[in-house]
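The values are calculated or read from the model by the stated rules, or taken from the named source; none is laboratory data. Please read these numbers as outputs of a predicted model, since none were measured by experiment. No Cβ is skipped: glycine too gets one built from the backbone with ideal geometry, and neighbour counts run over all protein chains shown. In case anyone asks, the SASA skips ligands and DNA or RNA and just uses the protein heavy atoms, side chains included. Shrake-Rupley method; radii C 1.70, N 1.55, O 1.52, S 1.80 Å.
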Amino acid sequence: MDSFFIGTGVALCLLMLLTLHRAIHGPTAIDRIMGVNVIGTKTTILLVIIGTIYHRVDMFIDIALAYALLNFIVTIAASRYFQQHKNLNPKGYGYRFPAEDD
Amino acid sequence: MRYIYTFLIMFGFWILLSGKFDLFHLTLGVISSGLVSLISADLFMYDPQSRNHLTTGVRFLLYLPWLLFQIVLSTLHVTFLALHPKMKEQIDPTIVTFKTNLKTDIAKVALANSITLTPGTITIRVEDQVFYVHAISRKAAAGLPGEMEERLAKVFESD
Amino acid sequence: MDIVVIVLTVIALLFFFATTVGLLRFPDFYSRMHAAGKGDTLSSLVILLALVLYNFHEINLANLLVAMKILLIAVFIFMASPTATHAIIDAGYESGIKPWAKNPEEESP
C-alpha cells in the first residue's frame, strides 16, 4: 500500500509540472496566479500523502492545514493587488475599460 | 446568544488542534476562546436580519447533499469538455447578468458560491442585487438562476 | 477497505488530470477558470476522503483526531476554492481581459 501512495505522489508531482507551464508561460499575470493556486491545492494534498507514507500523519496534517490557509490568503492578496492594474491584456486596453481616445 | 455560538465553535477548534485533554490545556482553551468571542463575536456572526441561527444551520446542512451532487455533475461536465477532441465547437462562452431577490448578505454569498460550483457557470461579481455570471455554453446560460435561488430562499429567509 | 481507497484515489487522479488538461487547452482565461475552480474542488474532496478511510483503520482517540483534522482541511477547501476562484476571475474582469467568443463580431453585454 505504501508503494501505491508513492505512485500517487509522483503522479501529483507530474501534474504539478504540467500546471507549471501555465504558471510560467501564461499570457497574463492573472493566469499565473491561477496556476499558482492550483499548484498550492495539489501541494496540500501532497503533504497529507507524504504524512501517510511516513506514518506520521498527525505531524504533517498541521503543516498541510497551514499551507491551505496560506495558499488561500496568497490568492486573495495577489488578485486584489492586480485588480488595480488596468492593462494586463498584452493586446492593449480591454473589454470593460476601452481605450480612451487621446 | 451569538457569544455562546462563537465560544462553542472556538472551543471546538481548540480541542481539535491541541488534542490534549488535561486540566491545564482545557483551562487555557476556555480563557482564550472566551476572550476571542468577547472581542470579535460581532465580526464572526454579523447578520442582523436573521433571527434564528440554529434552524438556519440545520437547513443549510440539509442543503449540502444536493450541492455535492451538483459538484459531481459539474466536474464530469468539465472533464468531458477538457478531454473532448473538438473542444472549441462545444463551448460558446457568454457573460450574462441577472437580478436576484435574496436580501441578506450570507444568502448572496451562498448563492454566488453555489453558482460557481454548478455545471458550466462561474460568478464574476456581485453588485448589490445584480449577479454577473460567466457561462461556458448557451445551454448553461439559459438555466440561470435555476432552482438554487428558491432553495436558498427557503434555507435562509423563511422563518 | 484498501480496494475502496485505491478506487477513490484513482478517480481523484483522473479528475486532477482532466483539470490540468483543461487548464492547458481552454482558449481563454475565463474558460480556464472553469477547469481550475471545479475540477480541483471535487478531486481534493475525494482524495481527502480516501486518506481519511486509510488512516482510520483502528478506532482510538489519536486516529479520530487525525481524521477530524483531514475533514477540517476538506471543509476549508470546499469553502475557500470557490471564493479564490471568484477573487481571481473578478480581478481578471476588472483589469479588462477580453473573453474569447466563437463569433467575434457579436458583442456580449
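Remark: chain C carries a charge dipole of roughly 200 debye about the Cα centre, counting +1 on each Lys and Arg Cβ and -1 on each Asp and Glu Cβ.
Taking every protein chain into account, the 1.4 Å probe leaves C:Glu58 with about 100 Å² of accessible area, to the nearest ten. Accessible surface of A:Val74, taken over heavy atoms with a 1.4 Å probe and every protein chain present, rounds to 80 Å². A simple spin-label model places the labels of B:Phe80 and C:Leu71 3.3 nm from each other, with each point 7 Å out along Cα-to-Cβ.
Here the 3J(HN,Hα) profile of segment C:23-40, calculated from phi with Karplus coefficients 6.51, -1.76 and 1.60 at θ = phi - 60°, is 5, 8, 9, 5, x, 9, 4, 5, 5, 4, 5, 4, 5, 5, x, 9, x, 5 Hz, Gly and Pro shown as x. Among B:Trp66, C:Trp100, the order of accessible area from largest down is C:Trp100, B:Trp66, computed with a 1.4 Å probe on protein heavy atoms.
Once a ≥ b ≥ c are taken as the square roots of the eigenvalues of the Cα gyration tensor of segment B:1-101, is the result rounded (a/c under 1.5), prolate (a/b larger than b/c) or oblate (a/b not larger than b/c)? Verdict is prolate for segment B:1-101. Of B:Glu147, C:Glu94, the order by accessible heavy-atom surface (1.4 Å probe, DNA, RNA and ligands excluded), from most exposed downward, is B:Glu147, C:Glu94.
Listed values for segment B:93-103 are Karplus-derived 3J(HN,Hα) couplings in whole Hz (6.51 cos²θ - 1.76 cosθ + 1.60, θ = phi - 60°), namely x, 9, 10, 10, 10, 8, 10, 9, 9, 5, 9, and x replaces Gly and Pro. Counts of other chain beta carbons within 10 angstrom of each beta carbon in peptide A:36-46 average 5. When C and B come together, around 3700 square angstrom of accessible surface is lost from both chains combined, probe 1.4 Å. What you get for segment B:1-155, charging only the Cβ of Lys and Arg (+1) and of Asp and Glu (-1), is a dipole of about 240 debye around the Cα centre. Each chain gives up part of its surface: C and A jointly bury about 4400 Å² of accessible area, both sides summed, for a 1.4 Å probe. Measuring with a 1.4 angstrom probe and ignoring ligands and nucleic acids, A:Phe4 comes out at about 50 Å² accessible.
The orientation-averaged projected area of the convex hull spanned by the Cα atoms of the protein assembly as shown comes to 20.8 nm². Roughly to the nearest percent, how much of the accessible area of the protein assembly as shown is carbon and sulfur, given a 1.4 Å probe? In the protein assembly as shown, the share of accessible area belonging to carbon and sulfur is 68 percent.
Computed from point charges on the beta carbon alone (+1 for Lys and Arg, -1 for Asp and Glu), the dipole magnitude for segment B:1-90 about its Cα centre is near 220 Debye. Ordering B:Leu111, A:Leu46 by accessible surface, largest first, gives A:Leu46, B:Leu111; the 1.4 Å probe counts only protein heavy atoms, with every chain in place. With a 10 Å cut-off around each Cβ of C:67-73, the average count of Cβ atoms from other chains is 6. Candidates B:Gly34, B:Ser137, B:Gly19 compared by Cα position along the dipole of chain B: farthest toward the positive end lies B:Ser137, with charges placed on Cβ.
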